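Notes follow once the structure below has been shown.
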Amino acid sequence: MHRIAPQQLASSALRLAPFAWYPRLPWVVLVFQVDRVWRAASREGGKDYWAKNLKTWLDAPLPDIARADVALKLNPSKHWLASTGTFTLVNGLDTTLTQIPLTGGRIGTT
């Protein structure tokens, strides 16, 4: 019981607290760098991205949608749409689908 005394535990935690931030520092730097690059790319090359993305998947084999259960939230005054739900996909081809093209909207755009 002596080893888990609250006063000694708090004292040890305070002594070790500065070391707990060292592993987090590279993560924080990486998050800010990725966010900065993502924002710059979305401002400058949004149309180029979608054109390249469309060309990449233009002739790709697609699965069939067997069932879709989707809920939409609309706010026309703010030009806002949110969706949640599930899709059941079925491979109707004679070959195995190794990749499925999925594109979501951009997060954080208004």
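Nothing in this text is a laboratory measurement; each read-out follows from the coordinates by a stated rule. Remember, it's a predicted structure, so these values are computed and weren't measured experimentally. A quick note on method: Cβ atoms are made from the backbone with ideal geometry, for glycine too, and the neighbour counts reach across all protein chains shown.
Numbers for the structure displayed
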| read-out | value |
| --- | --- |
| Computed label-point distance, nm, for sites VAL28 and LEU72 using a 7 Å Cα→Cβ extension | 4.2 |
| Estimated distance in nm for a label pair at ALA17 and THR95, the labels positioned 7 Å out from Cα along Cα-to-Cβ | 6.0 |
| Pairwise FRET efficiency - ARG39 versus LEU81, Cβ, R0 = 22 Å, nearest 0.05 | 0.55 |
| Diffusion coefficient, µm² s⁻¹, Stokes-Einstein with Kirkwood Rh over alpha-carbon pairs of the range 6-90 at 20 °C and 1.002 mPa s | 114 |
